[in-house]
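Right, one structure below, let's go through it.
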Amino acid sequence: MSPTPRTVLITGAADGIGWATAQRFAAGGDRVVILDLRDELALQRAAELGEAHLGLGCDVTHEGAVQAAVAQALAHTGRLDVLVNNAGIGDQPGGTVDQSVDAFDRVLNVHLRGSFLMSRECGRVMLNQEQGGAIVNLASIVASAGIPGRNAYGAAKAGIVGMTKAMAVEWGQRGIRVNAVAPGYVRTALVEKLQAQGSLNTDAIHARTPMGRMGTPAEIAEAIAFLASAAGQLHHRRGAGGGRRLDRPRRRHPLRAARRGVVNSRPSKDLPC
Ligand SMILES: NC(=O)c1ccc[n+]([C@@H]2O[C@H](COP(=O)([O-])OP(=O)(O)OC[C@H]3O[C@@H](n4cnc5c(N)ncnc54)[C@H](O)[C@@H]3O)[C@@H](O)[C@H]2O)c1
């Protein structure tokens, strides 16, 4: 149990990984605010957790809706300790040449604009409270591995990784830890929709996964809860030790740099662009 109940905001928490995460935090004694596009389901889920918890309809792509939801959560609980940027949608079926601009924009908006707006509003609160805060973003293996037919989704998740690093170095010394989890395939409505569209080869996924199966939402919820906990305090973006200095380029060993054809491996004084 958490010593003092924290307030945990989770976007897209009416279903899948978000809902499992809401249940995980509530079981640990925290007060959960469930935000979801599906307002009735958000309210129903909060009621299932108990009266200390709150469910709110919120489209994370709308600035006004995000501001109103964060203000309502703060008014209800008086504090804001953890934000989990989980709301997400998959790519439209088909390849890049058939992708519509609207569908591409929608994927980027939900994942990137949504995570930015939520982080900005919660960051404004967390920077001004003594206990600081923690933000956990949902990336994906697709951020580092190319998957056919996942153009917008891949761009969005790589963007989430970049945004996580930027916020981690901007806020790390001001009391807000920012991390991301990057799950492989997890059996949720999002994955079942891809499967129904015929854009997922379940047998191939099972075959190349060491455990021979997809993950469960509860397993991802456990990782998120750890990164948001006091036990995960030395984790910034990933790894332990207070986080590698993400605002400086990695210093390469001269021999390894030469082998890779890197001519000037000295860290620049400027931020990497
Ligand atoms: N399932 C996987 O295999 C997998 C793998 C890696 C990463 N992820 C990421 O994990 C997160 C959760 O995925 P999931 O599989 O649980 O999906 P899901 O479809 O089961 O749940 C997503 C939830 O987000 C909500 N949502 C969608 N758009 C929203 C918006 N604009 N504003 C507010 N809420 C919105 C939906 O209503 C839904 O309740 C996503 O960011 C996804 O990209 C999932």
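Please treat every number below as a calculation from the coordinates, not as lab data. Computed from a prediction, not measured in an experiment: that's the story for all the values here. Here the Cβ positions follow ideal geometry from the backbone for every residue, glycine too, while neighbour counts run over all protein chains shown.
Overview of results
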{"item": "Ratio of the Cα radius of gyration of segment 151-230 to 2.2 N^0.38 Å, where N counts its residues", "result": "1.34"}
{"item": "Footprinting exposure proxy for LYS157, LYS165 (fewest neighbouring C-beta atoms within 10 Å first)", "result": "LYS165, LYS157"}
{"item": "Cα-only radius of gyration and Dmax that characterise segment 105-208, units Å", "result": "15.9, 50"}
{"item": "Packing-based exposure ordering (other Cβ within 10 Å, fewest first) of ASP203, ASP81, ASP39", "result": "ASP203, ASP39, ASP81"}
{"item": "Ranked THR7, THR96, criterion: other C-beta atoms within 10 Å, fewest first", "result": "THR96, THR7"}
{"item": "Burial order of peptide ranges 103-113, 125-135 (average beta-carbon count within 10 Å, highest first)", "result": "103-113, 125-135"}
{"item": "Residue-count net charge about ASP15 - beta-carbon cut-off 14 Å; Lys, Arg +1, Asp, Glu -1", "result": "-1"}
{"item": "Approximate shape of segment 1-117 as ellipsoid semi-axes (Cα gyration tensor, √5λ), whole Å, largest first", "result": "28, 14, 12"}
{"item": "Gain in span if fully extended, ILE141 to GLU40, counting 0.36 nm per residue against the direct Cα distance", "result": "33.2 nm"}
{"item": "Farthest toward positive dipole pole in segment 47-109 [+1 Lys/Arg, -1 Asp/Glu at C-beta], among GLN67, GLN92, ASN109", "result": "GLN67"}
{"item": "Length gained when the stretch GLN67-HIS206 is fully extended (0.36 nm per residue, less Cα-Cα span)", "result": "45.9 nm"}
{"item": "Whole-Å distance, taken between Cα centres, linking segment 111-169 and segment 195-209", "result": "26 Å"}
{"item": "Only Lys, Arg (+1) and Asp, Glu (-1) charged, at Cβ; segment 101-205 dipole about Cα centre in debye", "result": "140 debye"}
